[in-house]
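The values are calculated or read from the model by the stated rules, or taken from the named source; none is laboratory data. Fair warning: this is a prediction, and the values are worked out from it, not measured in the lab. Reconstructed Cβ throughout: ideal geometry from the backbone, glycine too, with neighbour counts over all protein chains shown.
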Amino acid sequence: MTHSAGPPTRGRRRPDLRHWLRPQSSRMVVFGICMAVGGLAGGVRSALDGKGIWTILGTFALGIFGLLIVVSFFVNYEDRRGRR
């Protein structure tokens, strides 16, 4: 079966969830950098202060999540620039 050229058919299409999971703006990068620095530094500070293990792991997880946001922005940026 071949697809015809032209506009897509009318009706509701399924939304692409990958679009919502990719950071698109520079504000999200700044937020990710703040999360990464605060989470990793906070985790080290919590460990030095002798806080509980869940506090230490929670702040480290926040830092790692921020780092993933920053890395995914730049991977997505390269992917967007490569298509043009």
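Kindly indicate whether G6 is at positive phi and either surrounded by 14 or more Cβ atoms within 10 Å (Cβ to Cβ) or modelled with pLDDT under 65 (or both). Spelling it out, it is not the case that G6 is at positive phi and either surrounded by 14 or more Cβ atoms within 10 Å (Cβ to Cβ) or modelled with pLDDT under 65 (or both).
Rundown of residues vs (1) assigned to a helix (DSSP H, G or I); (2) modelled with pLDDT of 85 or more; (3) in contact with a helix residue (DSSP H, G or I) (Cβ under 6 Å, 6 or more places away or on another chain), yes/no style:
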| position | (1), (2), (3) |
| --- | --- |
| G39 | yes, yes, yes |
| R45 | yes, yes, no |
| W54 | yes, yes, no |
| G66 | yes, yes, yes |
| R81 | yes, no, no |
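What number of residues in segment 27-56 are touching a residue at least 40 places away in the same chain (Cβ under 8 Å) and among the aliphatic types (A, V, I, L, M)? Summing the residues that are touching a residue at least 40 places away in the same chain (Cβ under 8 Å) and among the aliphatic types (A, V, I, L, M) in segment 27-56 gives 2.
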